[in-house]
Structures are given as C-alpha cells and as structure tokens.
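Some notes on the structure that comes next.
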Amino acid sequence: MVLLDFPLNDPSNAILVEDGIYLRYPQERDYEHWAGIRAASRSHLQPFEPLWAVDELSMSSFRKRLRIYARDIRAGVCRPYFIFRSQDDMLVGGCTLSNIRRRAAMSATLGYWVGRDHIRKGYALSAVKAAVRSAFDTLKMERIEAACLPDNRASQNLLIKAGFRKEGVARNYLRINGKRRDHVLFGLDPEDFRKIDD
C-alpha cells in the first residue's frame, strides 16, 4: 500500500493505494458515477443498509452527504472514501471510517459497500486493508470495529480475511432497511492486522 497526500487534518485530497484500487474523499464531480452505480445496485445494497430516502440518489441529497462528511472530517470523527479501480478510475464502491473515538477508546468503526457488478473481485478487501492501515498508521487508532448481518456470509468472510476476529452478536444493533437487526460484531487490533499484512 502507498499512502499519498494524507495530511492528518485535511484528508480531502487523500489517496490511499492498494492492490488494484485507490481510495479518495468523495467530491461533487463524482455524483453521476455514484448515483449510477447506486441505482444499478439498489436491490443488492438495500438489504444491508439503512432505509433509503425517497430522494436518496438526487444531487441535492449527494451535496448534503458531502456537507455532512466535511463537518465530520473537521470534527475528527469520520474519514469517508470512494473506492476507484486503478486501471480506469472507475468508481466501484465506498469505504468509511466513522465514529472515530480518541482518549481511552482510540477506535473507529469500519463500513463499506461495493456495486453489484464489482463484487467478488477483491476491491472491497483491498479497500478495507487500505483504510485499516491508514487508521492504524496515520490516525493512530488502536482498534477497528465492524458489524454485519448474520446472513451476510460474504462480508463476514471478507472481514476475517482482513484479520478481524468475530467477537459476538449484538441484538437489535442497527436499523437496516427499516427494521432493527441483530449484527455479528468483529474487532481488529494492529497486531492481528500486521500478521495478515506481511
């Protein structure tokens, strides 16, 4: 992985490079590609995400999302990225470090998605590795957490490949597609990540 242009307090131009992909902060010029891949992947993504708003894919909704990202970045609680395929700069998904906590916790929550046409090609795993490495090396986090639905075996397998350990099940953990759902919880510390990253 190569880390390029990642000032700690301004990740807006950050590029994290990993096998076959790179991550960078979402920008307004990404709107058409983002809306296109999300629309084409709607039936694939909705079962695993919070309920989509009526105007979920509108330009105004996207701009609002960017404003929230900017606010959260300034507050130091979020690092959102879009995933791009290196060979042609195609947007293939997103990866976010959110709920960044300092002091005693020194931890963050990882989330990710990949468009329907880009699953099982290694992009999500590469993105997770790049984001996790940045969290540990640049943000100095000491723990990364992730959660996924019990029936989402693909996501669980991805997290295990990235070094995460299954830690249990949280009842009614998140509201997904309009309904509270149990989630399998995973955790990762720098030592376990280094074992798979060598």
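Shown in residue order for region 97-114 are the 3J(HN,Hα) couplings computed by the Karplus curve 6.51 cos²θ - 1.76 cosθ + 1.60 at θ = phi - 60°: 9, 10, 6, 5, 10, 10, 6, 5, 6, 6, 9, 8, 10, 9, x, 7, 8, 9 Hz (x for Gly and Pro). By the count of other C-beta atoms within 10 Å, a proxy for reagent exposure, S155, S43 are ordered fewest to most as S43, S155.
From the alpha carbon centroid of region 113-162 to that of region 38-104 is 14 Å. Positive end of the dipole of the chain (Cβ unit charges, origin at the Cα centre): among A35, V77, I15, the Cα lying farthest that way belongs to V77. Neighbour counting of Cβ atoms within 10 Å sorts the residues I100, I119, I21, fewest neighbours leading, into I119, I100, I21.
Per-residue ellipticity at 222 nm from helix content only, as computed over the chain with -39500 (n - 2.57) for each DSSP H run of at least four residues, stands at -9500 deg cm²/dmol.
Suppose every K and R has +1 on its Cβ and every D and E has -1 on its Cβ; what is the size of the dipole of the chain about the Cα centre, in Debye to the nearest 20?
On the way: 33 positive and 25 negative charges, 143 e Å.
Computed charge dipole of the chain: roughly 680 debye.
Can you find, among Q87, G122, F136, the residue sitting farthest towards the positive end of the charge dipole of the chain, where Lys and Arg contribute +1 and Asp and Glu -1 at Cβ? Going by the Cα projections, it comes out as F136. Counted over all Cα-Cα pairs of region 38-113, pairs farther apart than 16 Å make up 62 percent.
Can you put M141, M90, M59 in order of Cβ neighbours within 10 angstrom, beginning with the fewest? Mind showing how you got there, number by number?
Numbers: M141 22, M90 16, M59 12.
Result, fewest neighbours first: M59, M90, M141.
For the residue pairs K129/K179; K140/K195; K121/K195; K121/K166, the alpha carbons lie more than 25 Å apart in K129/K179.
Since every read-out is calculated from the coordinates, none of them should be taken as a lab result. The shown structure was predicted, so the numbers you read here are calculated from the model rather than taken from an experiment. Virtual Cβ from ideal backbone geometry, glycine too; neighbours counted across all protein chains shown.
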